[in-house]
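Written below as structure tokens is the structure these notes are about.
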Amino acid sequence: MKHKQRWLKSLFACAAWVLVLRADAAGTESRLWYDKPASNWEKEALPIGNGRLGGMIFGGVEREQIQFNESSLWIGDEKDTGAYQAFGDVFIDFSGQTNLPTTNYRRELDISRAIHTVAYTRGGVNFRRQYFASHPANVMVLRLTANKPGAYSGSVLLTDMHNGKIVADGNRLTSSGSLAGYKFEDTSPTYSLALDYEAQVLVVHDGGSVKAADGRIIFAGVNSLTIFINAGTDYLNERQRGWRGEHPHAPVTTQLNAAAGTSFPQLRAAHVADYQKLFDRVTLTLGNSASNLPTDLRLMNYTGGVRESGLETLVFQYGRYLMISSSRDALPANLQGLWNNSIRPPWRSDYHTDVNVQMNYWMADQANLSECFTPYARWLNSIREVRKAETKEAFKTRGWTMHGENGVFGGSTWEWVESGSAWCMQNIWDHYAFTGDKEFLRTLAYPMMKEVCEFWQDRLKALPDGTLVAPNGFSPEHGPREDGVSHDQQLIWDVFNNTVAAAEALGVDREFRSDLAAKRDKLLAPKIGRWGQLQEWMVDRDDPKDDHRHLSHLVAVHPGSQITLQKTPALAEAARVSLNARGDVSTGWSTAWKINLWARLHDGDRAYKLIGNLLRLVGDSRMNYKDGGGLYANLFDAHPPFQIDGNFGYTAGVCEMLLQSHAGEIHLLPALPKAWPTGKVTGLRARGNIEVDIQWQDGKLVKATLHPKQDGLFKVRCGDKVVELKLKAGKTAVFK
Ligand code: FUC
């Protein structure tokens, strides 16, 4: 009997242990956590954001640092890109907590709720902080609690990267000023525009006392603190109004006061509900491996060969988290999304249009975050008139194009990358293809696409045999400038082809449409070169040893659709030869692009190999254009330095491995690697406004469930099997 009892007891203990493990493991796909504070902004601090306001949190015990941003804090003007600017920092110093040992330290970012927490024990007190950036309340909220009353004493400090005026008054800190006089480089011209800005911190306490002194807010013996942060500028994305709107003082104050008048549980509930409305649309399970180790160790083990699918899922969802946090209804995600701690950030933290901003938005619709695309479309729309004026001056054409670097006032610098605007239009068309949003097509997309086509109608040059080429083009970022560069040719084909389809969908511009179709068919087509490669230039000069990070001549494979395995197998094979020659080691974004490209070539195992190269812990943040790609401990993509396109590009790549829809059919599991024999994904989007859930086992499809949002005729492919389904909006169909 006694023996039996002991046996039962240990069985229960064992079951409980398994339960604990499972519960923990269940969270590891949605949690980044660390057992010490961050000491480095770029590699360790953790990001929060509401699409407009962003914070990087260090989680220090004696001193907390929240470096913050607001997406419109830009220098520059219509002539010059300028640069995205860091706003400032909020420091919280905890006096009375010095020189005590800290135990149970944990800082964590829960991406299933978009809440960052810091917890630790000091001097017998359990301290807990929760942070989030609320989209509905439009402010950042920090909540500091402890399990003993009066445990908090210290001060709150606000700093300003632009030496504005700082005022401490009552329980509020304000910084305000103007960006006049700031330049990206000492040699930059003085900008003709200068935004005004303001940031505020409001400290609400329970128990003890709070007062302003010495430019800080001093708190003593308080039970809990709720700190609200808000910031803004007078930027307006309207050229007609000189890019300036109302001074930020009133909106910043109103939003802060409203938040401070709402209870913390209410604010948090509204934030979580708003966030989950987007985040919960897609779930992904790849096998069952998951580790409970701190994320940095987890990534280190992965780098060492423990290819744990839980981490692959976490990084996939992290891309979605970063998109929701950096691109809602303000400006689009820039090179660093929303997070930047410098007034002279790498590459201006701008909108690069020779791959980077386009890559940012590949995943938005696929990963079911269509709302996050809107800022990108609006930004493009806002800069059109400025772009048209400069394009006319430089090229004597209608329409518009851009240089490689772009800001928020239409200013554009560095090399002309003439096909950059056509590349942006591909995102624009795809957004329509995924959402079926006719209003978007009619009012925003089509007018822009048409203008970009006009640029090329005027700019294309006929060779003696009538073949049309883009003159004096450029394959980013190497090789000579010359006619008929493949990158240009493919993107012109793409924008002509999509604009024809757009005009047809809208039933407009019959003549224009047929001119475009005729010109599209006369464009110099992709060519196969002497070593079987897809030629990067009209002249067969590709060097098989060229391992340049840019894959510009492969845009027709991805994100384009001019070359597909089904329609153009010989060109697809040539693309494979070229991609092989470029190698597997590169920068972060280049590695991410290769994942997408191998997926389009239906080589899941090779795509998976590239995932191994991207999910590689790197510590170096010095600029490296060759072979430094990977992830930092905070899972930010390392170009290096930090550049967010690799995060977004990875998420897009995983989508492409599981579902494709660019070739006129919904292709289930087109590039499933052996490493993911069993899994399930729900809520991915395909073109035609349809959501798709897929479940597979032992490398084979078990079931796909289609949720059409509009009526349509859909071809569905799995392996060699293709079925045609006529589906009705709202009526689910199951495919086995
Ligand atoms: C392009 C790339 C670089 C870098 C920069 C921001 O110029 O060639 O690698 O990503 O953008």
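The values are calculated or read from the model by the stated rules, or taken from the named source; none is laboratory data. In this text, all values refer to a predicted model and were calculated from it rather than measured experimentally. For neighbour counting, all protein chains shown are included, and Cβ atoms are generated from backbone atoms with ideal geometry for every residue, glycine included. With ligands, DNA and RNA removed, areas are computed over all heavy atoms of the protein, side chains included. Shrake-Rupley method; radii C 1.70, N 1.55, O 1.52, S 1.80 Å.
A few remarks follow.
- The string of couplings for the range 382-392 from the Karplus curve (6.51, -1.76, 1.60, θ = phi - 60°) is 6, 9, 3, 5, 5, 5, 4, 4, 5, 5, 4 Hz, one whole number per residue in order, with x for Gly and Pro.
- Å² of accessible area per residue within the chain, as computed with a 1.4 Å probe and no ligands counted: 36
- Distance histogram for the range 466-509 (every C-alpha pair counted, 5 angstrom bins, percent rounded to whole numbers): 5, 22, 21, 17, 12, 12, 7, 3, 0
- Per the Kirkwood formula applied to alpha carbons, the range 341-474 shows a radius of gyration over Rh ratio, Rg over Rh, of 0.99.
- Relative contact order (%) - the chain, alpha-carbon pairs under 8 angstrom, separation at least six: 11
- The convex hull of the Cα atoms of the range 540-678, projected and averaged over all directions, covers 8.5 nm².
- Three-way shape label, the chain, alpha-carbon gyration tensor, a/c 1.5: oblate
- Only helical runs count toward this figure. For the chain, summing -39,500 (n - 2.57) over DSSP H runs of n ≥ 4 and dividing by all residues gives -10000 deg cm²/dmol at 222 nm.
- Over all distinct Cα-Cα pairs of the range 170-322, the Kirkwood formula returns a hydrodynamic radius of 20.3 Å.
- Taking the range 38-280 and dividing mean pair separation by its residue count, relative contact order in percent (alpha carbons under 8 Å, at least six apart): 18
- Phi angles across the range 489-494 convert, under the Karplus curve 6.51 cos²θ - 1.76 cosθ + 1.60 with θ = phi - 60°, into 3J(HN,Hα) values of 4, 5, 6, 5, 3, 4 Hz, Gly and Pro given as x.
- Reduced Cα scattering model of the range 69-136, Debye log10 I(q)/I(0), q = 0.13, 0.21, 0.28 Å⁻¹: -0.62, -1.00, -1.22
- Annotation: Cα Rg of the range 605-724 relative to the compact-globule expectation 2.2 N^0.38 Å equals 1.25.
- Residues with amide H under 5 Å from that of ALA212, placed H, sequence gap 5 or more: GLY170, ILE218
- Among 606-616, 691-701, the peptide with the highest mean count of other Cβ atoms within 10 Å heads the list, and the full ranking is 606-616, 691-701.
- Close amide H contacts of TYR235 (hydrogens built in the peptide plane, cut-off under 5 Å, sequence separation of 5 or more or a different chain): GLY245.
- Ranked from largest, the principal axis spans of the Cα set of the range 38-280 equal 59, 44, 35 Å.
- Per residue, the convex hull around the alpha carbon atoms of the range 568-643 comes to 74 Å³.
- Translational diffusion of the range 295-664, µm² s⁻¹ [Kirkwood Rh, Cα pairs; Stokes-Einstein; 25 °C; 0.890 mPa s]: 119
- Sorting the segments 624-632, 372-380 by their mean number of nearby beta carbons within 10 angstrom, highest to lowest, gives 372-380, 624-632.
- Our note on the geometry: Cα centres of the range 697-711 and the range 28-91, 39 Å apart.
- Taking θ as phi - 60° and the Karplus parameters 6.51, -1.76 and 1.60, the scalar couplings of the range 602-608 work out to 6, 10, x, 5, 5, 4, 5 Hz in sequence order, x denoting glycine and proline.
- Rolling a 1.4 Å probe over the protein heavy atoms of the chain, with every protein chain left in place, gives an accessible area that is 52 percent carbon and sulfur.
- Amide H contacts under 5 Å for GLN710, placed H, 5+ residues apart: GLY730
- As computed over the range 665-736, the Cα convex hull volume per residue (Å³): 75
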